[in-house]
Amino acid sequence: MLPELFTFTTVALALRHHITSGDVCYPSLLQSRLEMCRSSDQYNFDPVFVANSSSPRTSQSDCRNNTETFCAFSSSSFAGGRGISILTTPDRMESLQQLPAFADADALLGINEQLSPVFEERELPGRGRGLIANKTLHRGDRIFAHTPILMLDGESFGDLEKEEWLELEHAAVNNLPLKSRTLFSALYGRPVTDPVSDRIDTNAFVLELNEVTYYAVFPETARLNHDCRPNAAYFFDKQTLTHYVHAITDITPGTEITITYIDPHMTRQRRLKRLSSLWGFNCSCSLCSLHSELAHASDERLDQITTINDRLEDWETAPLQMAQTLISLYEQERLHAPASSAYWYAALMSCTQGLYWETIRYAQRAIELGLLDYGFGDESFQRMRQLAKEPAEDECWLARLK
Ligand SMILES: C[S@@+](CC[C@H](N)C(=O)[O-])C[C@H]1O[C@@H](n2cnc3c(N)ncnc32)[C@H](O)[C@@H]1O
């Protein structure tokens, strides 16, 4: 087993594309936090009061206790005054503070800046507000790069009473600087529980950081509506706490910029059900609106993609044609971002067979798409870069012919 590939498929896919039993543990956005897998550890409370001006502060009154203690930590100076509130345990807060986002003054240079926006925000019939491109965007063009204004530890919802986490959520929002509070208030919240909680539920992204699940609100990015075949892809950079959104296809002026809220490998009925139950809308994107014959053909391709992906977990013994078929199926399905993993497999399999130029071609495609979907910091890209540069120097070279 090649370690870098292992990291890529298990870590990255588990975050974004792998839906566990019952579909409830890894949605792309937050609504299902109340259904998430719950657990909690014993914790001895030891409050932290931090000195660094960009580090979040808390006070004892903003903490609630059950088997663990959770506090609303806030910093108004974080990210040049944008501020952040983090609802988590004191010990997890302490380890978050070691991240460059808090510890390195230069880490967030250029982040949260939108000097000349590439979109306009508009009211759109039947879908609330959305973002429309105002210039031609090409694959890889940056749309957003923002830090969260709120981060909520997923375990708090399982451990604390509902009233208690609601109080902490309100404290977290109230402690934000006025500008960020205003951004939060302007978000749409599907009316279910209470105005603060509803806004969080409708808009937050699921992140994994230091092996903890957090729900994070990026108010600018939250204006993006859903499409099952989106033209933008996103990833979260753990070091800088920055959420990047890039065009994954060319986008013409006047076109709505969209992301997917759910695992795009789901078949039609499952997609419709999930979007309706979690975000309250009936998806009418081009894929969901296909004639039933065409929708059926798409579902069959999606099932085949899932089958091939399962088989390729043992890629070392699979035929190269299998990865090539996967690439073709992803192209037919217009699933551009997830196709990076298919190119990844194809590059490694070509390498094991000593197919020099094919290896480079596939590795370059895996890098191009994967950088936009998995992020710049993904360690496994080192391996792909090596393959793209000089396949014969990698351990996979001719491995299947030895
Ligand atoms: C994260 S917000 C997106 C921005 C939102 N439209 C607004 O006005 O702020 C999610 C909500 O937007 C709406 N929405 C998103 N994608 C949609 C779509 N494809 N069709 C209809 N409504 C959609 C739903 O009301 C959903 O609960």
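Looking at the structure I just gave you, is Ser116 assigned by TED's automatic domain parsing to the domain that holds Leu183, surrounded by fewer than 15 Cβ atoms within 10 Å (Cβ to Cβ) and assigned to a helix (DSSP H, G or I)? Can you show your working first?
Values: assigned by TED's automatic domain parsing to the domain that holds Leu183: yes; surrounded by fewer than 15 Cβ atoms within 10 Å (Cβ to Cβ): yes; assigned to a helix (DSSP H, G or I): no.
Here the answer is no, as Ser116 does not meet what is asked.
Please enumerate the residues belonging to the stretch 232-246 that are of a type in the set (S, T, N, Q) and either within 13 Å of the ligand (Cβ to nearest atom) or part of a strand (DSSP E or B) (or both).
Scanning the stretch 232-246 gives a single hit, Thr242.
For residues that are out of contact with any Ser or Thr (no Cβ under 7 Å at 6 or more places or on another chain), over 14 Å from Leu320 (Cβ atoms) and in a helix (DSSP H, G or I), tally how many sit in the stretch 372-402.
11
Cβ-Cβ below 7 Å, separation at least six or inter-chain, first residue in the stretch 290-306 and on the phi > 0 side of the Ramachandran plot, second of a type outside the set (Gly, Ala, Ser) and part of a helix (DSSP H, G or I): which pairs?
none
When Tyr261 is evaluated against the numbered criteria (1) in contact with a Pro (Cβ under 8 Å, 6 or more places away or on another chain); (2) away from the ligand (no atom under 11 Å from the Cβ); (3) under 15 Å from Asn225 (Cα atoms), which criterion, by number, is the only one it fails?
If we test Tyr261 against (1) in contact with a Pro (Cβ under 8 Å, 6 or more places away or on another chain); (2) away from the ligand (no atom under 11 Å from the Cβ); (3) under 15 Å from Asn225 (Cα atoms), just (2) comes out false.
Working only within the stretch 157-203, note down all residues that are β-branched (Val, Ile, Thr) and part of a helix (DSSP H, G or I). Before you say what the answer is, go through the steps one by one.
First pass over the stretch 157-203, keeping only residues β-branched (Val, Ile, Thr): 173, 182, 192-193, 196, 200, 202.
Listed by number, the residues that qualify are Val173, Thr182, Val196, Ile200, Thr202.
For the stretch 177-218, name all the residues that are away from the ligand (no atom under 16 Å from the Cβ) and free of Cβ contacts under 8 Å to residues at least 12 places away in the same chain.
The answer is Leu178, Arg181, Glu211.
Which condition number in (1) surrounded by 18 or more Cβ atoms within 10 Å (Cβ to Cβ); (2) more than 14 Å from the ligand (Cβ to nearest atom) is the one that Arg223 fails?
(2)
Evaluate the stretch 270-279: report whether one residue or more is farther than 30 Å from Ile200 by Cα and out of contact with any strand residue (DSSP E or B) (no Cβ under 8 Å at 6 or more places or on another chain).
Within the stretch 270-279 (the criterion being farther than 30 Å from Ile200 by Cα and out of contact with any strand residue (DSSP E or B) (no Cβ under 8 Å at 6 or more places or on another chain)), the answer is no, since none of the residues qualifies.
Restrict the check to the stretch 226-244 and report whether at least one residue is within 25 Å of Thr88 (Cα to Cα) and more than 15 Å from the chain's Cα centre (by Cα).
There is no residue in the stretch 226-244 that is within 25 Å of Thr88 (Cα to Cα) and more than 15 Å from the chain's Cα centre (by Cα).
Give the residues of the stretch 264-294 that are within 29 Å of Gly370 (Cβ to Cβ), surrounded by 13 or more Cβ atoms within 10 Å (Cβ to Cβ) and either of a type outside the set (A, V, I, L, M) or more than 16 Å from the ligand (Cβ to nearest atom) (or both), sorted by residue number.
Pro264, His265, Thr267, Arg268, Arg270, Arg271, Arg274, Trp279, Cys283, Cys285, Cys288
So which residues in the stretch 278-294 are in contact with a helix residue (DSSP H, G or I) (Cβ under 8 Å, 6 or more places away or on another chain) and farther than 23 Å from Ala342 by Cα, if there are any at all?
Result: Leu278, Trp279, Phe281, Asn282, Cys283, Cys288, Leu290.
Restricting attention to the stretch 202-220, which residues are acidic (Asp, Glu) and surrounded by fewer than 19 Cβ atoms within 10 Å (Cβ to Cβ)?
Of everything in the stretch 202-220, those that are acidic (Asp, Glu) and surrounded by fewer than 19 Cβ atoms within 10 Å (Cβ to Cβ) turn out to be Glu208, Glu211.
Please go through the stretch 219-229 and give me each residue that is touching a residue at least 40 places away in the same chain (Cβ under 8 Å) and either aliphatic (A, V, I, L, M) or assigned to a loop (DSSP other than H, G, I, E, B) (or both), ordered by number.
Pro219, Glu220, Leu224, Asp227, Cys228, Arg229
The values are calculated or read from the model by the stated rules, or taken from the named source; none is laboratory data. Note that this is a predicted model, so its numbers are computed, not measured. All Cβ positions, even for glycine, are placed from backbone atoms using ideal geometry, and neighbour counts span all protein chains on display.
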